[in-house]
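Presented below is the structure to which this report refers.
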Amino acid sequence: MAKKRVEVDVKEEMFDRVKWLHIVFNVVGVLVILRLVWVLFFSTEIAVNAEKLEERIFVRDTIQPLRGSILARGGEPLATSIQRYRIDFDMGSEGFDSLELFKRHADSLAKLLSGFFKDRTARDYYNDLLSARNRCIRLEHVRDSVAMREGLLERIWDALTNAELQKIPIYDTIRNHQPVQILPRAVDFHEWQVLRTYPILNWNLGLTYKRVPIDQRVYPYGEMARRTLGKVAPSVSREDAAQQRGRYGLENIYSEPLSGRIGIQLRQRIAPGFSTLVHKGDSIDAEDGLDLVTTLDAELQHIADAALRRQLTEQQAIWGTTIIMDVETGDLLALANLGETSEKSGIYYEKDNYAFNRRIEPGSTFKLVSLLALTEDRGLPITQCYDAGNGRTVIVGRRGPEVRDDHNCGAMIDMKTATAQSSNVYFARAIYENYNNDRERYVSFLRDSLHLGEDVGFTNMEEKLPYISNVKKWSAHTLPNMGYGYAIELPPIRMATLYNAVANGGKMVAPRLVRELRRGDEVVESFPVKIMDEQICSPEALKIIHECLVETARTGTTKNYFKDTTAFRVASKTGTAKVAQRGDGGGARYSDGYYMGSVAAYFPADKPKYTIFTSILTNRHTRRSYYGATLAGPVVRDIVNYIYYRDEEWHQQIKSEQKEHYPLHVKGGDIASVRRVADKFSPRVSFTDRNGWGVAQTDTLLNVNITTLKEQGVMPNVVGMGLKDALYVLESRGLRVHFTGSGMVRSQSLRAGEKIKPGAQVTITLR
């Protein structure tokens, strides 16, 4: 019997399938949408993965800016930066896996490096390269490797039973990718263009090194003013270069504007070791540092350094400082600080900032303060006299100190003489008698009128404040000792500022070391002159003080250095002070033989333009001179003379005239030579012989008449000849000649025409 055929509705079946498929798609779609919503709004997984992906694709490089320069007032660079490159070798890279290939290239590189740097042999370079490669690439047996013991290869190794198979060594390559420096120093761009053509450095072994740009600080003038400028330590890497800057001087104080702004550069990796710049908002351009313009005059700084160094070496001193200030602005034109090395005596360098951080009893240069107090505060005239003791030791006050002068300054002397001769007794007595009953007034004048309790604006460069002890703690010795520069301590820059105020007509301006910050020619920030006091004393007091200081240079303790400056006058003051060594109990000892010698000067005295202050520390027992004049005087003299002859505005200009001028005198001698000279400069020349020796005489019309010397047995007339010609003429006639002076012969001991004998003596005088 045939089976009954079941009829199926195909359309209905297809509809059911499509319906279920539609339901499945809708469910999947809802799930996808829910998943997307979860990922986009609730899950952090996508951000993490995106960040990981971006880190693999993109890299951010830190771009170090070029550090700004420190410039002299004339624009000369005192400190500047240049771009150099450090080459970091990756001796653990796969490019060095082949030892045979490495040796071949390393041998060539070593020979080229030896010829390029000329500091080591090719063998030394080769040994260093090979040693570095062997340290960074090692083959370690699997059984000695912790990683392999815990891994799959360890289990495979343990499963091996065949004796032959166990003889097969299995190694793991251990790589050290720490950078290695083979080159002896960083190289500049032009040097790198040559080096990059050498084997290994020309990339023929793959990615084997990295070129790291570094900012290298350069000082074109060497150690000159180094303590003032500061110092930048060499960078270890670009990332920590900012932390390696110097910690003193201008480099430290203005580190932020000099450093500039670090840039960030976004790069995309396109292949191992290669990347391309991506222009994206995340990139930040590096901004180079600002240039710092100082007040230092490079030429004067060099002269001050040389003069101070020369004197320190000659006197075998311990340290010294020289300050040159512009009177009107207070600009520090030179600031030299030289100290003796501890390793070898007689070698000096910018060891410390002595001008700012050496607070020492100043000695007689402090007598300027006594002059200001006596004339301005007490109104004493320049004719005021006190007994200086005729060089004897004098007790000032009832129980006061014993005071004496190092030379006899006289008995009753006036203020000008006391200043010029630097009388300790005079100023000790004058200050004691005028302020013993009102000591607070004296201290108040020092602090309020002369601002000696304040700094001058360089506390960030180690400036120490002046020390004035409390009046209540004074002994009977304190006030008289302060009169001539003891029992008070000041740094050299403070004394220089005070003398500059006197030179500036009483206006006290703070010393200025920095004029402006600028980028190129654009001034970003300027630093104006700071006025500490418009008038520290009256014009009447200033006139007396000025006269006393000028007298010191003319007839006083600095006359040996400035008395011959007839073209201009100098106002000056010397100071010699025993340097106190403080004990544990705070007491001062003066028995160790340490002395501070100082000279302060400003010039031209009539219209002061420059102030100079020099202090030198020495030891009386082991060194040479210890007086202020002989210690510091030569330094100030050399600087004054140099500035005067450099500054053209102080020299008289020779005016051109139509009138012809002829020489008033012509030297005698070889007639032919005299004729040649006289023909060019005299209106008319007459002579009897063309050759031989003769005497030249100039008449009232400036004509030159040459008379021939002929007779051999008589004394010739050599007056008017030079020494060379006179010696020849006289010695050719058998005479023994003695001479004094220099220039032209003015007289002779034997009269012309007098009979002479061979061997006779004659003396000629030249002027």
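How much accessible surface does His105 have with a 1.4 Å probe, in Å² rounded to 10?
40 Å²
When N counts the residues of segment 313-389, how does its alpha-carbon radius of gyration compare numerically with 2.2 N^0.38 Å, as a ratio?
With N residues counted in segment 313-389, Rg over 2.2 N^0.38 Å equals 1.59.
Taking a 1.4 Å probe, which of Trp319, Trp693 shows the most accessible area, and what order do the others take after it?
Largest accessible area first, the list is Trp693, Trp319.
Under a 1.4 Å probe, what is the accessible area of segment 613-767 per residue, stated in Å²?
On a per-residue basis, 62 Å².
Taking amide H atoms as placed 1.01 Å from N in the peptide plane, list the residues 5 or more away in sequence, or in a different chain, whose amide H sits under 5 Å from that of Leu71.
Leu78, Leu292, Val293, Thr294
Of all accessible surface on segment 344-458 at a 1.4 Å probe, what whole percent is carbon and sulfur?
The computed percentage sits at 40.
Quick one: putting +1 on the C-beta of Lys and Arg, -1 on the C-beta of Asp and Glu, what dipole do you get for segment 713-767 around its Cα centre, in Debye to the nearest 20?
100 debye
With every protein chain present, what accessible area does Cys136 have (1.4 Å probe, heavy atoms only), rounded to the nearest 10 Å²?
Looks like 10 Å² after rounding.
How much accessible area does Glu649 have with a 1.4 Å probe, in Å² rounded to the nearest 10?
130 Å²
Exactly which chymotrypsin sites (Phe, Trp or Tyr not before Pro) in segment 377-484 are in a DSSP loop and have at most 16 other Cβ atoms within 10 Å?
Passing both the DSSP loop test and the Cβ count: Trp474.
Over segment 335-488, with the other protein chains present, what is the accessible area per residue in square angstrom, probe 1.4 angstrom?
Computed with neighbouring chains in place, this is 41 Å² per residue.
Hey, can you grab everything whose amide H is under 5 Å from the amide H of Asp533? Only 5+ residues off in sequence or another chain; H modelled, so Pro and N-termini drop out.
Counting only residues 5 or more places away or on other chains, the set is Met508.
Output the pairs from Lys231/Lys530; Lys367/Lys578; Lys507/Lys530; Lys367/Lys543 with a Cα-Cα distance over 18 Å in this structure; if there are none, say none.
The answer is Lys231/Lys530.
The values are calculated or read from the model by the stated rules, or taken from the named source; none is laboratory data. Treat the numbers as computed from the prediction; the structure is a model and nothing was measured. Cβ: placed from backbone, ideal geometry, glycine included. Neighbour counts: every protein chain shown. Heavy atoms of the whole protein, side chains included, go into the accessibility calculation; ligands, DNA and RNA do not. Shrake-Rupley method; radii C 1.70, N 1.55, O 1.52, S 1.80 Å.
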